[in-house]
1. Considering only Cα-Cα distances, which of the following residue pairs are longer than 32 Å: K80/K273; K116/K273; K54/K394; K194/K388; K86/K377; K22/K54?
2. Can you compute the FRET efficiency between R344 and K245 using 1/(1 + (r/R0)^6), with r the Cβ-Cβ distance and R0 = 22 Å? Round to the nearest 0.05.
3. If each of S351 and S46 carries a label point 7 Å out from its Cα toward its Cβ, how far apart are those two points in nm?
4. Per residue of the range 61-75, what does 6.51 cos²θ - 1.76 cosθ + 1.60 with θ = phi - 60° give for ³J(HN,Hα)? Whole Hz please, x for Gly and Pro, Karplus curve as stated.
5. Work from the charge dipole of the range 125-281 (Cβ charges, +1 for Lys and Arg, -1 for Asp and Glu, about the Cα centre) and give the residue of L137, Q209, L260 farthest towards its positive end.
6. How large is the Kirkwood hydrodynamic radius of the range 303-401, in angstrom, based on all distinct alpha carbon pairs?
7. Which distance in nm do the two modelled labels at L389 and L117 give, with both placed 7 Å along the Cα-to-Cβ direction?
8. Quick one: putting +1 on the C-beta of Lys and Arg, -1 on the C-beta of Asp and Glu, what dipole do you get for the range 280-350 around its Cα centre, in Debye to the nearest 20?
Amino acid sequence: MDDRNMETSSSTFTEVSSDHSKSIIHIDVDCFYAQVEMVRKPELRSLPLGIQQKNIVVTSNYEARKFGIRKCMLVSDALKVCPNLKLVSGEDLHDYRAASNKIFTLLQSWKCPVEKLGMDENFIDVTNLVQEKLKTLNVTSITLSGHVFSESSSECLCGCHRRLKVASQIANEMRHKIYDELGFTTCAGIAHNKLLAKLVCPFKKPNDQTTVFPEHGATFMTTFQSVRSIPSIGSKTAEALISQKIITVSDLQEVSLDVLKKHFSGDMAVRLKSLSAGEDNTPVKQSGRPQSIGLEDSFKTVSVKSEVEEKFGALLQRLLILVREDGRIPVSLRVTLRKKDVKRLSSHRESRQCQVSPSIFTINSGTLTVTEAGQQKLMSMIMRLFNKLIDLSKPFHLTLVGLAFTKFQERMTGRSSIVNYLMNDISVQSVLNIQNDCDTSASSMDYSAASPSSSTTTDLSDGEVEPSPKKPKKVNWIAKRRCLSKEEVASPSKLKVGELRLNSKELEKVSELRLSSRDRSLTPRASPAKDNLSDTSDTMKDVAEGANCDDCPSYVDKEVFSALPDEMQQELKAMWKNPSSSEVPRSSPRNVNKAKPNTLLKYFVPHK
């Protein structure tokens, strides 16, 4: 929260933030679940209607509320209060999600940031739209649409009253369009921040709207009798405040910041004071596609594995419908259980997740589908996760099971996909970096740049091919050291070096330096990549034909020597003519001394 205008030394906190530039609308659909059913079946509009999930009435229409029906009321109690209550099952959320998406899509037609909050609420930042409308409106003719909390005798000098009046007109347009096109009545709150817009929204429910001006924000907050009424203050924070006899929002406004800092962190104390005064600078974040798609099923208790598997199977069928509608391919699966502790009379949640192979999902006629075999694989994964969460050798009691796909990848189809190009076109990859396979049983080049732990993502960087982690690095380093030293080794001209990169522009055209060695224990098998590099080999031969290496020792490969730059050739010839100045121990490759800065070593860079 913004603390620039906060008085930390005074015992009260009444100063209001001077930033009134934003215009925020909060729209809430009236009795959302009940309205969805009434839109589907208009004959229900005149009846007291309740939406039932398990043995609870989760919501009801306003006809039912006249009889005293409340949210989360037991069905048995609700029928006692209203015997004529019409109950409709709300277990399947498919229709509610569809209606929510339609409202969200409609609100996006105003080209403003829209942040979804649950299925029935949305924040809309109309700041830029208000500025555009003000350019064409007569300032003196701007009127407020709907209700206002506390009339003001004078307007703020920053012009926030005019902006919020225009925002109230936009909110009215949105609400009418939602009703005309989708049939839902809504209420709206208009303010200069998200906190006040949300809290003032239900002020004149149902089917109406209210605006609160910035100077009345702190006064409006005092109408709430519990600090728990403020969004962002959870049960733990509320308990801590109540323990200090801070019960109402007025109490929170009056308590000093120093007292709060004794029980909360400095940032948290400032934030609580800010919220109590109606200040909030959190932005409206444009909602995108959900990061997870999941379902849960709650019940009294289940203690048998077969019943759990049956419930997971039903959840999976419903979840696959949601995934098909979403269109993305899931790559991660999460299982959630709520365990009941009979001794402690409490419950807690536990979750486990695992990776899912995208090959389980197929695309038929543009639609994401899962075969029966694929569904069986998913069920096997689900039950394996279940077995990790539950010790079947002991009794267990579950009150909820949940299933969710938590990660997705976009579908990439067609021959024009960049992935296909990177995977199939060898020209993308630099021939200088192709490593020989040291596995004697290998017969093909590995072009995959994905990490060893991932089999679903390919990330090829231009000119870099990641070496296999199984290839011995010792062979490469010994080969480099032998090339640098005047060491008596067993025919090093037969050793093939697959992991050398020369740091010279003259050798950028050379793809692979070939040395040979009689030491078979250090000889890697030739890589199939050389078949693809015939042009490079021909180039090396052409260079070798014109090379003059009459002074080279017998163990030097003339073909390799001829490919070196002139500077390097002269340096080596000088070293061979004067061996005493650069003598190297000959006992073992492990004992090779480090080369001096002005030697051949500086031209070689280890492959990374």
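1. Numbers: K80/K273 44 Å; K116/K273 26 Å; K54/K394 28 Å; K194/K388 42 Å; K86/K377 41 Å; K22/K54 43 Å.
Table pairs above 32 Å Cα-Cα are K80/K273; K194/K388; K86/K377; K22/K54.
2. Numbers: r = 30 Å, r/R0 = 1.37.
Given R0 = 22 Å and the Cβ-Cβ separation, E is 0.15.
3. Each label point is offset 7 Å from its Cα along the Cβ direction, giving 4.7 nm.
4. Each residue's phi maps through the Karplus curve to give 7, 6, 4, 5, 5, 5, 8, x, 6, 10, 5, 6, 8, 4, 4 Hz.
5. Of the options given, the answer is L260.
6. On the way: mean 1/r = 0.0680 Å⁻¹.
For the range 303-401, inverting the mean 1/r across all distinct Cα pairs yields 14.7 Å.
7. Once both label points are built, they end up 3.0 nm from each other.
8. Working: 15 positive and 10 negative charges, 48 e Å.
Magnitude of the dipole: close to 240 debye.
The values are calculated or read from the model by the stated rules, or taken from the named source; none is laboratory data. The model shown is predicted, which means the values in this text are computed figures rather than measured ones. Every residue, glycine among them, receives a Cβ derived from its backbone with ideal geometry; neighbour counts consider all protein chains shown. Accessible surface areas use protein heavy atoms only, side chains included; no ligands, DNA or RNA. Shrake-Rupley method; radii C 1.70, N 1.55, O 1.52, S 1.80 Å.
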